[in-house]
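The values are calculated or read from the model by the stated rules, or taken from the named source; none is laboratory data. Source: prediction; values computed, not measured. Quick reminder, even Gly has a Cβ in these numbers, built from the backbone with ideal geometry, and neighbours come from all protein chains shown.
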Amino acid sequence: MARVKRAVNAHKKRRTILERAEGYRGQRSRLYRKAKEQVTHSLVYAYRDRHAKKGEFRRLWIQRINAASRANGLTYNRLIQGLGLAGVEVDRRILAELAVNEPATFAALVETAKKALPADTSAPKADAAA
């Protein structure tokens, strides 16, 4: 039976791990076992945070939309409800971008949402105050 020589593959595997570990501190960038452990952990962090980033951006967009819509006299919740009733299909990323870069366009969307909303039934009536 022929002898299997594995040195080339083993060295290549170690080299790729150590290249990926460049920039890590101490033994984690120099020793194969420590580097392999840290690279594996780093990949786990990267996977987790790629998915977490999507939620973080959505929260940021909602905060920006809420601030801009309150400046125009409507809460975020009522704005989204009004846009839905008006049939305006604009996602939160675009709404946030409009709120920051084009306030006039955003104000027009807020007015569209206000017109589409039914009268606020939970608001105190003017007759009750008298």
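Some values worked out for this structure:
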read-out: Flag for Leu60 being at pLDDT below 95, on the phi < 0 side of the Ramachandran plot and not assigned by TED's automatic domain parsing to the domain that holds Ala21; value: no
read-out: Check on Gly82, out of contact with any Asp or Glu (no Cβ under 9 Å at 6 or more places or on another chain), outside any helix (DSSP H, G or I) and within 30 Å of Leu95 (Cα to Cα); value: no
read-out: So Ala67, is it loosely packed, with under 10 Cβ neighbours inside 10 Å, assigned to a helix (DSSP H, G or I) and either on the phi > 0 side of the Ramachandran plot or at pLDDT 95 or above (or both); value: no
